[in-house]
Amino acid sequence: MWKKIHTVVPHLLFLVLSLIIVQPSLSGTKGYLPFLFVVFASEAILLLFRKSPVAVNIGIILYCILIFWEIMTAKIGVKNSMLYPAPENVFSVFLGDHQKILQGVFSSLQLLFIAFIIATVLGVSLGLFVGLSDHLSGIVLPIVRVISPIPPIIYSPYAVALLPTFRVAAIFVVTLTIFWSLFMNMVLSVREIDPKIMNSAKTLNVSKFSMIVDVLIPYSLPGLINSISVSISTSFLVLTAAEMIGGTSGLGWYIKYHSDFANFDKVVFGIFMIGLVVTILNFGVKSLRRVLVPWK
């Protein structure tokens with residue numbers, strides 16, 4: 001009984017929110033259609049994942065937040081409407097700034113993709129190289145354990161000043177964010193692989209290349225995918241922070257630029273876009289894990 005009620009609650013909240021939105025709003029509040037579109041899109045996604053308890057709980061929390069936000073800003077009003085913009089004003093930003101926003105998303109994802117490829121190639125190859133050598137592992141691992149916990153965002157101001165362009169500096173910082181996790185995971189996976197697996201492969205006279213491609217990498221793949229799922233969100237946030245320091249494009253720059261001019265409706269929308277992009281990236285990594293590591 002409770003389970004059925006729990007499943008219906010977010011849809012009831014959706015109806016309540018929709019009715020509140022279409023009610024008359026305070027002066028200065030923009031048209032409600034963009035906000036209503038976002039609410040209906042959220043409901044469509046929730047219906048798609050209606051069998052997931054996690055999705056149901058997220059829907060309940062999301063609608064409660066939106067109802068409170070709508071009532072306090074667009075219906076009742078707050079003392080400082082500039083600092084606390086109504087959701088109608090926030091989601092209307094896309095209509096006027098969609099080209100600049102989409103260019104910012106594309107710019108950020110392009111830098112993230114380049115850094116991800118570099119970090120993956122270096123992290124996996126160097127991790128294999130170090131992990132297969134007892135001597136190198138004994139030297140490198142203690143040093144890496146000291147360096148890797150340092151937040152890469154700390155390097156951003158120096159990298160922006162030192163490297164020839166912001167683009168190169170951003171790729172460098174994001175690459176570091178992803179690299180250490182992949183490198184450490186690869187080294188430890190190679191070091192901790194069951195000796196019986198290695199001995200069985202050697203008994204079959206497997207070449208070194210086949211040993212790496214057919215044994216070591218598949219064995220390490222679940223850990224690598226888990227590492228990517230953690231670092232991809234962190235790396236995007238690091239990139240956004242770097243864009244706020246020295247960028248001329250991207251979502252970080254968009255937020256910083258408009259915060260300097262106190263356009264907080266655009267700032268809030270930029271924050272919303274970052275959350276949306278990170279959510280999509282995480283969903284993509286989970287889908288990739290299902291394809292590459294079906295046994296997990």
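Key figures for this structure:
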item	result
Cα gyration tensor shape of region 220-296, rounded if a/c is under 1.5, else prolate or oblate by comparing a/b with b/c	prolate
Highest-fluctuation residue, Ile225, Ile139, Ile101 considered, GNM on the chain with Cα pairs under 10 Å	Ile139
In order through region 119-125: 3J(HN,Hα) via Karplus (6.51 cos²θ - 1.76 cosθ + 1.60), integer Hz, x for Gly, Pro	5, 5, 4, 5, x, 6, 5
By average C-beta atoms within 10 angstrom, highest first, the peptides 159-166, 193-200	159-166, 193-200
Length released on extending from Leu136 to Ser200, taking residue separation times 0.36 nm less the Cα-Cα span	20.6 nm
Under the Karplus curve 6.51 cos²θ - 1.76 cosθ + 1.60, θ = phi - 60°, whole-Hz ³J(HN,Hα) for region 36-43, x wherever Gly or Pro sits	5, 4, 4, 5, 5, 5, 5, 5
Computed label-point distance, nm, for sites Met82 and Ile61 using a 7 Å Cα→Cβ extension	3.3
Listed peptides 88-96, 149-157 by packing density, highest first (mean Cβ within 10 Å)	88-96, 149-157
Computed over region 9-102: relative contact order in percent, which uses C-alpha pairs under 8 Å that are six or more apart	39
Overall form of region 180-247 per C-alpha gyration tensor (a/c, 1.5; a/b vs b/c)	prolate
Cβ crowding within 10 Å averaged over residues, with 102-114, 269-281 ranked highest first	102-114, 269-281
Prolate/oblate/rounded label for region 113-244 (Cα gyration tensor, a/c 1.5)	prolate
Residue-averaged [θ]222 nm for the chain, counting only DSSP H segments that reach four residues, each worth -39500 (n - 2.57)	-26000 deg cm²/dmol
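A short reminder: the numbers here are calculations on the coordinates, not readings from a lab. As the structure is a prediction and not an experimental result, all values here were calculated from the model. For neighbour counting, all protein chains shown are included, and Cβ atoms are generated from backbone atoms with ideal geometry for every residue, glycine included.
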